[in-house]
Amino acid sequence: MYLEKYRTRRNRFLAINIGAILVGAVVIGTMSVFFPSQSTIGLNIGLPIIAAGAVRMFDYKLFKLGEQKELVDDLVQEWGILDIQGGRGRAEKEQYEELMLRCNDKLHIQAISLSRFQNDLGDVLDRLGNQNVEIRLLLLDPESQICDWYGDADTERGDLESTIRDSTNRFLEREIDSLEVRYYEGLPTNYFRVDSEAFVGPYFMSEPSRKTLTFLGRTDGDLVNSYTKNFDALWEDSRVPDPAE
């Protein structure tokens, strides 16, 4: 939709200026062939038209740059994109930590196990708990078929079922009153919401999650909003871990 809109405007810009050049050439040619005695008048009329079209054609690059900037502004405004990262591993830890340190309302996360998250940002999590921030963590249900399939497909994760259970126990051992951990059964998605901003992105089988493309966006933007709806739906259908498991 966006590209088509700007492509149409760009083509119209080219057509108008090429048309101006052709009109000027036709005026000059017509006067020279059919009214040779008034060819000077034809030149006086046609040359400025050709010049105007030619000058505007030289401005085409600037026009394109302006169009591209407007396109980006529209995408940022409607989709709420604030940043695009090449991964969400340790290299991006500082960005996650900076966002969490400003958190004063809610921290909602959907992931697979969040085992690395505890190692990297466990201290910040405790701090948010002391501030009574609403912390909701969705981990992949270790008893689900998707967990079995994902664990078999992604051999780098080892025993995924045990990893998720161990991570869950570590969260519960923190004894944070405002923290809830639940299991979801669905396609794994990265959703890391801190107040009104969120990191979102997919999981790919072909590359580790720490190297997977991730977006940072506003929760009121269309991009993050779709992930938020997915999180809320999964949370409603999720189950509380059984300590006896």
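What the table below lists for this structure:
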read-out	value
Scaled radius of gyration (Cα, divided by 2.2 N^0.38 Å) that the stretch 77-149 gives	1.27
Alpha-carbon gyration tensor eigenvalues x 5, square-rooted, for the stretch 93-241, Å	22, 18, 15
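Coordinate-derived values only; no laboratory data. For clarity, every value in this text was computed on a predicted model and none was experimentally measured.
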